[in-house]
1. If I go through the range 81-103 residue by residue, how many of them are more than 16 Å from the ligand (Cβ to nearest atom), touching a Lys or Arg at 6+ places or on another chain (Cβ under 7 Å) and either without any contact (Cβ under 8 Å) to a residue 24 or more places away in the chain or in a strand (DSSP E or B) (or both)?
2. So Leu19 passes all but one of these: (1) farther than 25 Å from Ala129 by Cβ; (2) buried (at least 17 other Cβ atoms within 10 Å of the Cβ). Which condition number does it fail?
3. How many residues are surrounded by 15 or more Cβ atoms within 10 Å (Cβ to Cβ) and basic (Lys, Arg) if we restrict to the range 136-170?
4. Considering only the range 26-41, how many residues are near the ligand (Cβ under 10 Å from one of its atoms) and assigned to a loop (DSSP other than H, G, I, E, B)?
5. So which residues in the range 128-137 are of a type outside the set (A, V, I, L, M, F, W, C) and part of a loop (DSSP other than H, G, I, E, B), if there are any at all?
6. If you check Leu124, Leu111, which single one turns out to be more than 19 Å from Lys51 (Cβ to Cβ), hydrophobic (A, V, I, L, M, F, W, C) and modelled with pLDDT of 95 or more?
7. Taking the range 128-166 on its own, how many of its residues are without any contact (Cβ under 8 Å) to a residue 12 or more places away in the chain and in contact with a Leu (Cβ under 9 Å, 6 or more places away or on another chain)?
8. Checking Phe44 against (1) part of a helix (DSSP H, G or I); (2) more than 19 Å from Leu104 (Cβ to Cβ): exactly one of these is not met. Which one?
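The values are calculated or read from the model by the stated rules, or taken from the named source; none is laboratory data. Values in this document were obtained by computation on a predicted structure and should not be read as measured data. Note that each Cβ is placed from the backbone with ideal geometry, even for glycine, and that neighbours are counted across all protein chains shown.
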Amino acid sequence: MKKTILFSRETIEKTVSGLAERINTDYRDRPVVLVGILKGSFVFLADLIRKLDLDVTVDFVVLGSYGAGTTTSGEVKMLKDLSAPIEGKEVLVVEDIVDTGITLTYFMDILRRRRPKSLAICALIDKKARREVAIDVDYVGLEMEDGFIVGYGIDCNEQYRNLPEIWVVREEEGK
Ligand code: PRP
């Protein structure tokens, strides 16, 4: 697979620190539940939470879109729900990448119906050009144009999540 580095370890580290600084300021004196969307967010969330100087707890959901490959099929399924209710809680959803916006739109609708006190989104990477459903992302780390990426939790057919950097893969050679 032909790939080149898009975001270095240093860039990622600085970005995560910047996001954590903003979240630390905004959530001061507000207990917050981080909700990680698995699998992609696990590396980002692990780095982010260690930079939060807050009253913070963590929960996870597993969401999947049908089909393998490089695109979202449009149908999202919850494979594992949260382990605790979020009614009355301050919830910050942590996502590795927002692409079409379909996954987050589906999930935020579910969360909203559970009546949290507040609901916000923190995404490491925003691929705005690919958006199909409008969605407000409160904390965005990095923006990128179209392109298929792997590393730092993000996969290609379940591989490469372990890479410490974020790499861009040439579509024609990445499958
Ligand atoms: C990726 C990513 C987001 C979603 C974004 O997950 O982690 O959850 O796609 O795409 P969208 O904005 O077009 O919906 P994926 O379905 O690849 O599963 P994974 O997190 O297990 O890698």
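1. Count: 1.
2. If we test Leu19 against (1) farther than 25 Å from Ala129 by Cβ; (2) buried (at least 17 other Cβ atoms within 10 Å of the Cβ), just (1) comes out false.
3. Summing the residues that are surrounded by 15 or more Cβ atoms within 10 Å (Cβ to Cβ) and basic (Lys, Arg) in the range 136-170 gives 1.
4. Result for the range 26-41: 3.
5. Once the filter is applied, which keeps residues that are of a type outside the set (A, V, I, L, M, F, W, C) and part of a loop (DSSP other than H, G, I, E, B), the range 128-137 yields Arg131, Glu132, Asp136.
6. Leu111
7. Here the count works out to 0.
8. If we test Phe44 against (1) part of a helix (DSSP H, G or I); (2) more than 19 Å from Leu104 (Cβ to Cβ), just (2) comes out false.
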